[in-house]
Amino acid sequence: MVVEMHAGLASDGGSKLKMLLTFVDALPNGNEEGIYYSIDLGGTNFRVLRVEVGAGSVIINQKVEHQPIPEELTKGTTEDLFNFVALALKSFLEREDDQDVKRALGFTFSFPVRQNSVSSGSLIRWTKGFSIEDTVGKDVAQCLNDALARCGLNVRVTALVNDTVGTLALGHYYDEDTVAAVIIGSGTNACYIERTDAIIKCQGLLTNSGGMVVNMEWGNFWSSHLPRTLYDISLDDETQNRNDQGFEKMISGMYLGEIARLVLHRMAQESDVFGDAADSLSNPFILSTPFLAAIREDDSPDLSEVRRVLQEHLKIPDAPLKTRRLVVKVCDIVTRRAARLAAAGIVGILKKLGRDGSGGVASTSSSSGGRARGQQPRRTVVAIEGGLYQGYPVLREYLDEALVEILGEEVARSVTLRVTEDGSGIGAALLAAVHSSNSQQQVPI
């Protein structure tokens, strides 16, 4: 992971890790005050948020509104989509009493973007079922600003962010020792604070500070050291993005159930462990990750929940206890591998920052948190968000266990994984606060 991080920072296209610049060179630190807004557009729904913050990391109150995006707008024109979003913000603001004040807006846009500045970036390609061709290559923040102007709103985008960066911002707002953020949900990604002088592909790039947030896009990480199996290859062949997102396909909620299904299907083909009733195991994605988790977390003596999932969802009746135990074991192995790989990725980031206790590459810099012999390791916080991590205790336990195993107990005690909820909403509003022109309290990272 560390080798690929160096390669991705050295040149564009130098690694499967894109190591994208975010131009975020200041993060919220708890001193922000005022009312800020954010729009979170990342799929078939979007959200509008109003966040009021007071000094001392206090969120006084927040209002959230969810809005589905009509399907025709996902295939229509750029103007139609952004007008729809702007009108939703307008009707949200009309219920407030402070329409005339110029407002800073954070815009979380969870599609691949080439960032040009903290408040602008051009769409590389649509994903998640959107296919508005004339948006590709355009600055999406400008598209939204134009639509806001057409609606007569005195609001502009001051921060265009990816959801992982929002999670880091929110983590840093509560705790300034937060140096990285990881999302482990239906997909997976990570970002962290890098020293500007280590970003070789942009030497001479002006920034207000010695640090910048780098969006790793780590779901695309690949290395010959990853323990790839026949099942991973079969899974990759089934997906639309073959040969991409290799790390994500071993870790994230979209794929874990399917890996387990592939293993069980092979067992059914090569043995009579499921009797004659295993036809449904040949259906891709029939075993979703929530079912995998329910199977693994069944602690009843007769594994009654496993029996229920097999009967109702996989149409395998009467599986004996021995078979049910085997199914639990498969789900356990798939879960444990995912957790351990994610833990190894997190340690990769800590190693790059010189915070893994090894006194490695980066620890010559005093600011990087390396330590001389005999010194206490520096306290390090990693903000974590995502339904898979938050909703699957077994995966969390395996991940924590692997961190201790790799780092050693002493260093692991200095590393805190902190669940951070709603980085893509609140985090984006806080970034808007930090990067708005009237912000007096911008503290470089």
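The values are calculated or read from the model by the stated rules, or taken from the named source; none is laboratory data. On a predicted model such as this, the values are computed, not experimentally measured, just so you know. Counting neighbours? That spans all protein chains shown, and the Cβs are built from the backbone with ideal geometry, glycine included. In case anyone asks, the SASA skips ligands and DNA or RNA and just uses the protein heavy atoms, side chains included. Shrake-Rupley method; radii C 1.70, N 1.55, O 1.52, S 1.80 Å.
Restricting attention to the range 248-266, the residues being within 29 Å of the chain's Cα centre (by Cα) and open to solvent by 30 Å² or more (accessible area, probe 1.4 Å) number 1.
Evaluating residue 245 against the criteria (1) open to solvent by less than 10 Å² (accessible area, probe 1.4 Å); (2) out of contact with any Leu (no Cβ under 9 Å at 6 or more places or on another chain) leaves one unmet condition, (1).
Among the residues of the range 244-266, at least one is touching a strand residue (DSSP E or B) at 6+ places or on another chain (Cβ under 9 Å), of a type outside the set (Ser, Thr, Tyr) and either free of Cβ contacts under 8 Å to residues at least 24 places away in the same chain or part of a helix (DSSP H, G or I) (or both).
Restricting the range 206-243 to residues that are β-branched (Val, Ile, Thr) and part of a loop (DSSP other than H, G, I, E, B), the residue that is nearest to residue 108 (Cα to Cα) is 207. Restricting the search to helices (runs of 4 or more DSSP H) fully inside the range 291-409 and requiring at least 1 residues that are modelled with pLDDT under 95 and open to solvent by 20 Å² or more (accessible area, probe 1.4 Å) gives 304-312, 387-391. Within the range 122-156, the set of residues being surrounded by 23 or more Cβ atoms within 10 Å (Cβ to Cβ) and within 21 Å of the chain's Cα centre (by Cα) comprises just one member, 141. The requirement of being at negative phi, assigned to a strand (DSSP E or B) and within 24 Å of the chain's Cα centre (by Cα) is fulfilled nowhere in the range 71-85; no residue meets it. Filtering 104, 26 for residues that are closer than 30 Å to residue 202 by Cβ, of a type in the set (A, V, I, L, M) and in contact with a Pro (Cβ under 9 Å, 6 or more places away or on another chain) leaves a single hit, 26. Put simply, of 162, 241, 154, 215 the only residue that is of a type outside the set (A, V, I, L, M) and without any contact (Cβ under 8 Å) to a residue 40 or more places away in the chain is 241.
Could you grab me the full set of residues in the range 93-121 that are out of contact with any Ser or Thr (no Cβ under 8 Å at 6 or more places or on another chain) and either modelled with pLDDT of 95 or more or surrounded by fewer than 15 Cβ atoms within 10 Å (Cβ to Cβ) (or both)?
94, 95, 96, 97, 98, 99, 100, 101, 102, 117, 120, 121
Reported count of residues in the range 189-205, each being open to solvent by less than 10 Å² (accessible area, probe 1.4 Å) and within 15 Å of the chain's Cα centre (by Cα), is 3. Taking the criterion of being of a type in the set (A, V, I, L, M, F, W, C) and open to solvent by 10 Å² or more (accessible area, probe 1.4 Å), the residues of the range 10-21 that qualify are 10, 20, 21.
Looking across the range 53-64 at every residue that is open to solvent by less than 50 Å² (accessible area, probe 1.4 Å) and either in contact with a Cys (Cβ under 8 Å, 6 or more places away or on another chain) or assigned to a strand (DSSP E or B) (or both), the one that is nearest to residue 106 (Cα to Cα) is identified as 53.
Can you find even one residue in the range 157-173 that is surrounded by fewer than 23 Cβ atoms within 10 Å (Cβ to Cβ) and out of contact with any Pro (no Cβ under 8 Å at 6 or more places or on another chain)? Checked the range 157-173: no residue is surrounded by fewer than 23 Cβ atoms within 10 Å (Cβ to Cβ) and out of contact with any Pro (no Cβ under 8 Å at 6 or more places or on another chain). Quick one: residue 328 ticks every box in (1) under 24 Å from the mean Cα position of the chain (by Cα); (2) closer than 22 Å to residue 234 by Cα bar one, so which box is it? With (1) under 24 Å from the mean Cα position of the chain (by Cα); (2) closer than 22 Å to residue 234 by Cα applied to residue 328, the lone miss is (1). Considered as a group, the residues in the range 267-282 that are of a type in the set (S, T, N, Q) and in contact (Cβ under 8 Å) with a residue 12 or more places away in the chain include one that is least open to solvent (accessible area, probe 1.4 Å), and that residue is 280. The residue of the range 22-52 that is surrounded by the most Cβ atoms within 10 Å (Cβ to Cβ), among those that are farther than 18 Å from residue 96 by Cβ and polar (S, T, N, Q), is 22.
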